[in-house]
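Here is the structure we will look at, set down as structure tokens.
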Amino acid sequence: GVVGQQNFCQNNYNQLITIPTGSPPSGELAFTAFDDLAEGANSRVDFVTMVWDRDKDNLSDTDSPGEKFLAGIKTLYANVSANPSSYPDGVKVRILLGLKHYTLAFFDLPADFATVDMRFKVLEDLQRLGIPVTASNWKVEVALYRDAGITDLPPSSHSHAKMLVVDGESVIAA
């Protein structure tokens, strides 16, 4: 449904779009929306997720959330490269990860998955897809939450929220 405009601390939203449950799962629909929103950025894309998953979703044969997000980033990079004058301030993409290592044993993960810093997984995916970290009018930064590398934190101390903020104005949260 759509909710009327709200205003808290001078932040406001004009529209709340809910994604129905069912098939495909609502999470997959949310990440498709992330891809679409990221493609249209003018200067900045901020993406927050707990974990950077492997190429395919563990429970289905679809692209992982990270792959869906990077599809939009790849299109955005192509647009910036082809039309640099349309992006006079350049474009910065920031990816923030909630966990440094992903160790859930019930997923069929590659043997090195729990030991490799997930920032490197993101960088590998960027390279594989031909998305540079730096180029003319373009910069990608990959970081961790402040406590993401601490291994003795209680399981409830990290967030499963996924959020995309484009140009400081448009937000999708899942």
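Largest first, how would 32, 49 line up by accessible area (1.4 Å probe)?
32, 49
I'd like to compare 120-133, 68-81: which one has the highest average count of other Cβ atoms within 10 Å, and what's the full order after that?
The most tightly packed comes first, giving 68-81, 120-133.
Among residues other than residue 47 whose Cβ falls under 10 Å from its Cβ, what is the net charge (Lys/Arg +1, Asp/Glu -1)?
My count for the surroundings of residue 47 gives +1.
How much length is gained if the chain between residue 94 and residue 144 is pulled fully straight, taking 0.36 nm per residue apart and subtracting their Cα-Cα distance, in nm to one decimal?
16.9 nm
The values are calculated or read from the model by the stated rules, or taken from the named source; none is laboratory data. Keep in mind it's a predicted model, so treat the numbers as computed, not measured. Ideal geometry is used to build each Cβ from the backbone, glycine not excepted, and the neighbour counts take in all protein chains shown. Ligands, DNA and RNA are excluded from the accessible area calculation, which covers all protein heavy atoms including side chains. Shrake-Rupley method; radii C 1.70, N 1.55, O 1.52, S 1.80 Å.
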